[in-house]
Amino acid sequence: MTEIDRRAFLSVTAGAFAAAATPQDSKPALVAIPEVSLGQAGRRVARLGIGCYPIGNIAQEEEAVAVLRRAFSEGIRYVDTAPSYNNGVSERRIGIALKGFERSEFFIATKTLERTASGARKELEASLTRLNVQYIDCLQVHEVHDDWKQLNE
């Protein structure tokens, strides 16, 4: 694993954002986003990802998809979303934007608000449909507040 100090990370991150903000008619230089190994499985993930809550807030779907595709073309491969982000709109737009890209190149994380296995499974199936993928890489339990206290009751 290559170590990167805070200053170098911020420099690369700023460069990635600058490249993503460059008008489409110019040709920005691609920025290599530093990666780290995730856990013992050895899966490599970028240190920079895109949180997709705002994607559902963009008024025009074509514009939202264009934002995602631009991020993907600039090297963003870590995607974080949830079915609760704009009632699934975020996930659906990600699914559209992923068309034409190799699924195995992405690390997709979504979430569940459910607290039962059957509820989480049902929500996951709906997420897979909206994302138009066969699998996700990480399912997170979303908005855990005092829920953990019920485990000991």
Cβ-defined net charge surrounding R92, 11 Å radius [Lys, Arg +1; Asp, Glu -1]: 0
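Enter the accessible area per residue of the range 63-107 (Å², integer; probe 1.4 Å; all protein chains in place).
Working: 1750 Å² over 45 residues.
I get 39 Å² per residue for this part.
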Nitroxide proxy distance, nm - points 7 Å out along Cα→Cβ at I96 and Y135: 2.8
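The values are calculated or read from the model by the stated rules, or taken from the named source; none is laboratory data. Not measured: the values here are computed from a predicted model. Please note: Cβ atoms are built from the backbone with ideal geometry, for glycine as well, and neighbour counts cover all protein chains shown. Just so you know, the surface numbers come from the protein's heavy atoms only, side chains and all, with ligands and any DNA or RNA stripped out. Shrake-Rupley method; radii C 1.70, N 1.55, O 1.52, S 1.80 Å.
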